[in-house]
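Rule-based calculations on the coordinates, nothing more; no lab input. What you are looking at is a predicted structure, and each value in this text was computed from that prediction instead of being measured. Positions of Cβ are generated from backbone atoms using ideal geometry, with glycine treated the same way; all protein chains shown enter the neighbour counts.
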Amino acid sequence: MSEAESAERSLFAAPPMGEQERMVEAMLFATAEPMTVAELGQRMPHGCDPAEALAHLRKRYEGRGVHLVRVGDGWAFRTAADLGHLLHKETVEQKKLSRAAIETLAIIAYHQPCTRAEIEEIRGVAVSRGTIDQLLEMEWIRFGRRRMTPGRPVTFVVTESFLDHFGLESARDLPGLKELRAAGLLDNRPLPGSMLQPEDDEDAEEVAGQSELFED
Amino acid sequence: MSEAESAERSLFAAPPMGEQERMVEAMLFATAEPMTVAELGQRMPHGCDPAEALAHLRKRYEGRGVHLVRVGDGWAFRTAADLGHLLHKETVEQKKLSRAAIETLAIIAYHQPCTRAEIEEIRGVAVSRGTIDQLLEMEWIRFGRRRMTPGRPVTFVVTESFLDHFGLESARDLPGLKELRAAGLLDNRPLPGSMLQPEDDEDAEEVAGQSELFED
Amino acid sequence: MVDAGWEATPAQSVSERLAAEALIVDVDGFEGPLDLLLTLSRTQKVDLRRISVLQLAEQYLDFVNRAKALRIELAADYLVMAAWLAYLKSRLLLPPDPEAEGPSAEELAAHLAFQLERLQAMREAAAQLMARDQKGRDFFARGLPEDVTRIRKVVWSASLLDLMQAYARIRTKDDFRPFVMDRHHVFTMEQALDRMRGLIGFAGEWTDLASYLPDGWETDPRRRRSATAAHFAASLELAKRGQIEIRQTETFGALLIRRRPEA
């Protein structure tokens with residue numbers, strides 16, 4: 001096909017797959033944030049198939065220094081993990097997360113959507129001020145739907161940046177998730193008779209005052 | 001060369017050229033500035049040949065969506081010139097929303113549908129026209145139904161793009177005052193004794209401006 | 001799950017005693033009673049599913065007693081847990097009461113074991129999560145991103161935190177407003193006196209004081225209270241001046257007033 005012919009064709013049909021692959025490659029290379037198939041499609045000429053282009057591209061980058069990875073609904077290029085040692089100089093010092101914050105994050109990730117009262121029930125201690133705050137600020141968690149129980153408590157879920165940070169394709173890929181579920185450890189099992197800990201948010205708030213003493 | 005032989009060799013010699021290429025690829029991908037051959041070499045294991053790795057890599061990216069190009073003394077990945085139109089490159093200026101705007105937005109989000117008079121009552125100061133206009137222009141708020149009260153005032157509600165920007169599924173999922181307090185988001189409130197301290201500049205400026213004479 | 005056949009505390013070795021003392025000194029290092037229980041459970045060296053809750057309750061109560069002896073102040077929720085474990089222990093040791101309602105001691109013990117296992121599982125999950133390759137440490141995003149977002153000259157930025165803090169600031173501003181009496185719902189005696197002076201001329205018959213309340217002040221309880229008090233005080237004043245008579249037939253009954261015939 002001559003150049004003139006191909007130019008003419010492109011007026012009517014979608015560009016060839018090789019071209020589409022180049023386009024997706026250019027767009028994903030240019031951005032640090034993951035892009036969804038729909039976002040890619042919006043920028044491409046009519047009739048393109050970004051999903052297929054992604055599949056080709058992913059294959060092309062297998063085993064290379066950068067990989068095409070899936071992050072939630074989006075796609076992004078990331079350097080191969082085995083080359084991290086070459087790149088440490090780029091690291092921006094990360095704020096150190098407290099043990100309470102790490103546990104809270106894990107509980108939200110594995111139990112999401114998850115209320116504050118549920119986090120407190122699992123950890124057996126009130127969530128200290130600043131813990132949820134810090135995770136929200138890092139954009140690792142966000143508000144989910146309110147729970148349709150008395151008090152309609154807010155829930156928390158993990159974000160796409162959380163998945164991106166930990167190299168997870170989706171929350172279903174959390175390590176050990178299946179085993180935990182099979183062992184019944186992700187069930188919401190209330191205390192029989194509920195004499196130990198109040199369940200609803202309001203009471204939890206009252207507890208917050210004192211048990212903060214134990215954090216950090 | 002058998003596998004054992006190559007493993008043995010790698011203890012003493014530089015990694016194979018394919019590996020070196022991966023290293024250069026990852027480094028140039030992750031760096032914000034172009035890197036010189038010397039800089040690449042410093043991070044690579046002893047005995048590597050970054051110039052040769054660059055040459056191979058450059059060839060590999062020929063005709064692709066991104067190219068390996070020379071920038072001054074260094075090397076960097078750049079989008080192929082013919083695909084620039086996909087990226088809409090334009091300098092984007094990030095500005096922080098003014099305090100008046102964010103407060104108005106917060107009131108609309110929490111009280112929607114909400115009239116201008118209601119916003120003013122809650123804020124305790126008049127809302128300047130520019131503030132509402134700005135939020136409308138950003139497409140974070142839009143007009144809701146007219147209120148069926150005398151004067152049939154227009155109401156404001158938040159938009160889908162507002163929810164999108166703030167990562168919310170619905171405005172109902174915003175935490176209530178009590179929950180904000182429990183999450184430690186109210187800790188920067190002023191102490192009763194600090195009434196005389198000037199509020200922050202932005203607001204003071206605006207009060208000086210004009211309509212905010214109505215403060216009680 | 002509950003080892004009912006568990007016997008009296010075995011004599012502790014010196015090293016175990018030292019370890020127990022170290023635990024107590026480290027009380028600030030625990031993130032609440034459940035964390036402490038989890039730590040204590042490790043001394044049993046069994047799978048959490050087969051842990052002896054009775055033995056654990058003993059260990060915990062022993063811990064609390066030692067802390068008391070060492071005059072270490074334990075926070076309230078440690079003591080709440082101690083009280084609950086003491087209750088659970090007595091329930092586990094006594095033969096079950098067939099009359100008793102609610103969950104059995106075994107169910108309560110099983111739930112505690114579940115809580116410990118779940119906390120342990122979450123800790124392990126958190127550790128696994130943090131051990132993963134992380135962005136910015138093990139793998140990296142494009143270092144020189146070009147803008148692929150929509151064309152817009154100015155992008156206004158505001159985070160959810162900004163939004164919520166702004167709202168919180170507005171809503172708590174009132175808490176710190178200098179104290180001013182809210183006069184909106186207050187009817188003064190002077191106002192009532194003025195009103196009644198004008199109206200009393202028409203009150204030849206006994207009339208309920210409540211019927212004197214001005215329009216708009218009879219329904220809202222706050223306003224009604226204020227207006228009633230003002231009108232009552234005003235009618236006492238008028239009675240003192242000999243202009244009206246007041247009558248009440250029973251305690252808390254209606255207050256009736258009329259113009260003094262000779263006035």
Phi to ³J(HN,Hα) by Karplus 6.51 cos²θ - 1.76 cosθ + 1.60 over the stretch B:57-68, Hz, x for Gly, Pro: 5, 4, 5, 4, 8, 4, x, 8, x, 10, 10, 8
Relative exposure of B:Asp173, C:Asp62, C:Asp208, judged by other C-beta atoms within 10 Å (fewest first): C:Asp208, C:Asp62, B:Asp173
Distance cut-off 15 Å, percentage of C-alpha pairs in the stretch A:3-85 lying past it: 57 percent
For B:Gly151, label point 7 Å along C-beta direction: distances to other copies, nm: 4.0
Over 26 Å (Cα to Cα) - which of A:Lys96/A:Lys178; B:Lys59/C:Lys135; C:Lys45/C:Lys89; A:Lys59/B:Lys59; A:Lys96/B:Lys95; C:Lys68/C:Lys89 fall in this group: A:Lys96/A:Lys178; B:Lys59/C:Lys135; A:Lys96/B:Lys95
Dipole of the stretch B:3-85, positive end: most advanced residue of B:Ala80, B:Ala26, B:Gly41 [Cβ charges, Cα centre]: B:Ala80
Sequence of A:Thr36, C:Thr251 once ranked by neighbouring C-beta atoms within 10 Å, starting from the fewest: C:Thr251, A:Thr36
Amide H contacts of C:Ala203 (H built 1.01 Å from N, under 5 Å, at least 5 apart or other chain): C:Arg259
Label distances, nm, A:Asp49 versus same residue in remaining copies, Cβ-directed 7 Å point: 4.2
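If neighbour count is taken as other Cβ atoms inside 10 Å, put A:Glu121, A:Glu52 in order from fewest to most. All intermediate terms of the calculation are to be shown ahead of the outcome.
Numbers: A:Glu121 24, A:Glu52 13.
With the fewest neighbours first, A:Glu121, A:Glu52 line up as A:Glu52, A:Glu121.
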